[in-house]
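Here's the structure we're looking at; comments come further down.
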Amino acid sequence: ATPTALMVGTGRGAQLGILIKGSEVLESTRRVDTVVLDKTGTVTTGKMTLLDVITADGEDTAQVLRLAGALEDSSEHPIAQAIAKGAREKVGALPPVEQFINIEGLGVQGIVDDHAMIVGRARLLADRAQQLPDELESAMRAAESEGKTAVAVGWDGRARGVLVVADAVKPTSAEAIEQLRGLGLTPIMLTGDNAAAARAIADQVGIHEVIAEVLPADKVDVVKRLQEQGKVVAMVGDGVNDAAALAQADLGLAMGTGTDVAIEASDLTLVRGDLRAAADAIRLSRRTLGTIK
Ligand code: ADP
Ligand code: MG
């Protein structure tokens with residue numbers, strides 16, 4: 001690529017809200033055939049609200065909310081922030097937390113009011129011998145089948161309740177997916193979230209392929225596997241979780257609204273956090289390269 005054409009490309013990129021890191025970037029973009037999209041914060045706004053609290057027999061809703069809300073107040077995860085905010089609105093001030101631990105991609109644990117708490121995926125509670133009773137299992141499944149995220153709450157060796165949060169799809173995501181397809185690219189959604197919730201979100205934006213329940217450390221392996229199959233992969237993400245996969249991808253695109261770690265690991269930054277800019281970026285670089293061929 002000639003320096004002049006690149007300057008035109010990067011200048012136009014800035015107008016479109018796309019920051020381009022290096023000159024090799026545009027070159028690799030041309031061959032991309034697959035776009036892997038993180039779900040939370042990329043396809044969706046990542047801003048969740050607490051919708052529902054379901055308790056096991058004999059448990060008190062306010063207590064489930066108060067203890068879970070207190071624990072989640074120490075976490076920066078969007079699910080956690082929705083729970084802490086919802087809890088504070090419904091039960092008031094939240095008690096302090098000791099020995100808080102974040103269990104990547106699974107949930108959180110800590111001590112609240114002398115109770116050993118866990119909030120997270122059902123699997124996390126099951127691993128700690130806190131099997132969910134049937135009524136909580138089915139409440140989780142029902143919420144997930146609607147594309148909502150349900151997390152389980154347990155303390156002192158027992159599962160006590162389920163909290164349902166939901167994240168809204170960005171209003172521009174469906175159009176962005178259509179544009180990516182129009183460029184001949186295959187979109188694939190990648191998420192740590194459960195398969196049913198992921199499927200429901202994918203359906204809303206027109207993504208057919210979904211890879212769900214992927215632990216943060218395994219996202220990079222999904223990208224590698226696609227590359228081994230001969231695919232040239234663009235990855236779009238926003239989270240600390242996504243950084244390794246963004247770096248591994250042939251083209252890494254970070255949401256400007258996301259974390260600094262994701263932005264540093266990427267080749268391009270979509271300044272406004274609008275997924276349509278991913279299609280703009282690929283279109284622009286193909287055109288820029290077309291000019292110089
Ligand atoms: P994504 O890939 O969609 O951004 P993560 O890898 O961050 O999702 O999380 C995967 C799953 O782990 C979440 O859907 C949730 O069930 C659980 N989880 C992670 N962090 C928390 C938390 N702080 N509180 C409750 N659940 C959590
Ligand atoms: Mg994310």
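Read the figures in this text as sums done on the coordinates, not as results from a lab. Everything quoted here is computed from the prediction, not taken from an experiment. Backbone-built Cβ (ideal geometry, glycine too); neighbour counts: all protein chains shown.
Charges at C-beta only: +1 for Lys and Arg, -1 for Asp and Glu. How large is the resulting dipole of the stretch 182-229 about its Cα centre, in Debye rounded to 20? Intermediate values should be presented prior to the final figure.
Numbers: 4 positive and 7 negative charges, 18 e Å.
The calculation lands at about 80 debye.
Taking the Cα centre of the stretch 21-173 as the origin and placing charges on Cβ (Lys, Arg +1; Asp, Glu -1), which of A84, M140, V35 is farthest toward the positive end of the dipole?
So the residue furthest toward the plus end is V35.
Reachable aspartates and glutamates from K224, Cα under 16 Å, same-chain residues fewer than 8 places away excluded?
K224 reaches D33, D38, D242, D250.
For the residues D114, D267, what sequence is obtained by ranking on other C-beta atoms within 10 Å, fewest first?
Fewest to most other Cβ atoms nearby, the residues stand as D114, D267.
Taking neighbour Cβ counts within 10 Å as the exposure measure, how do H77, H208 sort from fewest upward?
H208, H77
Just how far, in whole angstrom, is the stretch 222-293 from the stretch 139-194 if you go by their alpha carbon centroids?
Each part's Cα centre sits 21 Å from the other's.
Hey, if you drop one equal point scatterer on each alpha-carbon of the stretch 1-140 and run the Debye formula without solvent, what base-10 log of I(q)/I(0) do you get at q = 0.09, 0.12, 0.16, 0.22 Å⁻¹?
Here the Debye-derived log intensity ratios amount to -0.46, -0.64, -0.86, -1.48.
Could you give the dipole magnitude of the stretch 156-293 about its Cα centre, charging the beta-carbon of Lys and Arg +1 and that of Asp and Glu -1, in debye to the nearest 20? Please report the intermediate quantities before stating the final value.
Details: 15 positive and 19 negative charges, 87 e Å.
Using Cβ point charges on Lys, Arg, Asp and Glu, the stretch 156-293 gives about 420 debye.
Would you please classify the overall shape of the stretch 34-77 from the alpha carbon gyration tensor, given that a ≥ b ≥ c denote the square roots of the eigenvalues, rounded means a/c under 1.5, and beyond that prolate means a/b larger than b/c while oblate covers the rest?
Values: a/c = 3.62, a/b = 2.35, b/c = 1.54.
The shape class here is prolate.
Over the Cα atoms of the stretch 154-293, what radius of gyration and what Dmax do you get, in Å?
16.5, 66
Hey, got the Cα dimensions of the stretch 119-176 along the principal axes, in Å, largest first?
46, 17, 14
Counting Lys and Arg as +1 and Asp and Glu as -1, each charge on the Cβ, what is the dipole of the chain about the Cα centre in debye, to the nearest 20? Don't skip to the end; give the middle numbers.
Details: 30 positive and 41 negative charges, 279 e Å.
Here the size comes out at about 1340 debye.
Taking the chain on its own, what percent of its Cα-Cα pair distances exceed 35 Å?
For the chain, the share of Cα pairs beyond 35 Å comes to 25 percent.
Counting other beta carbons within 10 Å of each residue's own, what order do T40, T10 fall into, fewest first?
Going from least to most buried by this count: T10, T40.
Mind checking the log10 I(q)/I(0) for the stretch 95-198 at q = 0.13, 0.21, 0.25 Å⁻¹? Debye, one equal scatterer per Cα, no solvent, two decimals.
-0.58, -1.07, -1.34
What angle do you read, to the nearest 10 degrees and between 0 and 90, between the alpha-carbon axis of helix 219-228 and the longest principal axis of the chain?
40
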